[in-house]
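K.L.:
Here it is, the structure, as structure tokens.
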Amino acid sequence: MVKGIEKYGIPVVHLATVVPISKTIGANRIIPAIGIPYPLGDPTQSDEDSYKIREKLVKRALKALQTPVSEQTVFEKDF
């Protein structure tokens with residue numbers, strides 16, 4: 001679906017728990033998520049800390065959407 005949406009000129013960020021699968025499907029902007037059972041949080045953390053994790057991922061995704069790419073790009077934590 002990622003490639004289909006981008007075909008119309010709409011940039012897409014794929015939050016992925018398994019980056020190699022995202023690469024296989026052809027996602028252009030990939031952001032590694034936290035983990036398979038909890039991609040956007042950590043149940044061992046407090047609600048406040050989990051919120052901060054999600055906030056950082058969303059901010060990274062918004063920045064990635066604004067970044068021109070010419071090939072598949074994985075936006076790591078330091079991005």
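The values are calculated or read from the model by the stated rules, or taken from the named source; none is laboratory data. If you're wondering where the values come from, they're calculated on a predicted model, not measured in any experiment. Methodologically, a virtual Cβ is constructed for each residue, glycine included, from the backbone with ideal geometry; neighbour enumeration extends over all protein chains shown. Please note that ligands, DNA and RNA were not included when accessible areas were found on the heavy atoms of the full protein model with its side chains. Shrake-Rupley method; radii C 1.70, N 1.55, O 1.52, S 1.80 Å.
K.L.:
Which of the lysines could a cross-linker span from Lys56 if the Cα-Cα distance has to be under 20 Å and same-chain partners fewer than 8 positions apart are dropped?
P.N.:
Once the sequence-local lysines are set aside, what remains near Lys56 is Lys77.
K.L.:
Keeping all protein chains in place, calculate the accessible area per residue for the stretch 1-74 (probe 1.4 angstrom), answer in Å².
P.N.:
Details: 5080 Å² over 74 residues.
For the stretch 1-74, the per-residue accessible area is 69 Å².
K.L.:
By a straight-distance test (C-alpha under 25 Å), which lysines pair with Lys7 as possible cross-link partners, with residues fewer than eight away in the same chain excluded?
P.N.:
By straight Cα distance, Lys7 reaches Lys23, Lys59, Lys63.
K.L.:
What are the ³J(HN,Hα) couplings of the stretch 15-28, residue after residue, when phi is run through the Karplus curve with 6.51, -1.76, 1.60 and θ = phi - 60°? Round to Hz, x for glycine and proline.
P.N.:
Values, residue by residue: 7, 10, 7, 10, 4, x, 5, 4, 5, 5, 7, x, 5, 8 Hz.
K.L.:
Any idea how far apart Ser70 and Ile21 come out in nm if each label point goes 7 Å out from Cα toward Cβ?
P.N.:
Placing both labels 7 Å along Cα→Cβ, they lie 3.1 nm apart.
K.L.:
Could you run the Debye sum over the Cα atoms of the stretch 1-73, one equal point scatterer each and no solvent, and tell me log10 of I(q)/I(0) at q = 0.11, 0.13, 0.22, 0.24 Å⁻¹, two decimals?
P.N.:
-0.30, -0.41, -0.96, -1.07
K.L.:
Heavy atoms only, probe 1.4 Å: what % of the accessible area of the chain goes to carbon and sulfur, would you let me know? Intermediate values should be presented prior to the final figure.
P.N.:
On the way: 3220 of 5590 Å².
Roughly 58 percent of what the probe reaches on the chain is carbon or sulfur.
K.L.:
Using 7 Å Cα-to-Cβ label points, what is the Asp78/Lys63 separation (nm, one decimal)?
P.N.:
It is 1.2 nm.
K.L.:
Mind checking the angle between helix 47-65 and the chain's longest principal axis? C-alpha axes, 0 to 90 degrees, to the nearest 10.
P.N.:
So the inclination is approximately 10 degrees.
K.L.:
Where does the charge balance sit around Pro39 when Lys and Arg score +1, Asp and Glu -1, over other residues with C-beta under 15 Å from its C-beta?
P.N.:
+2
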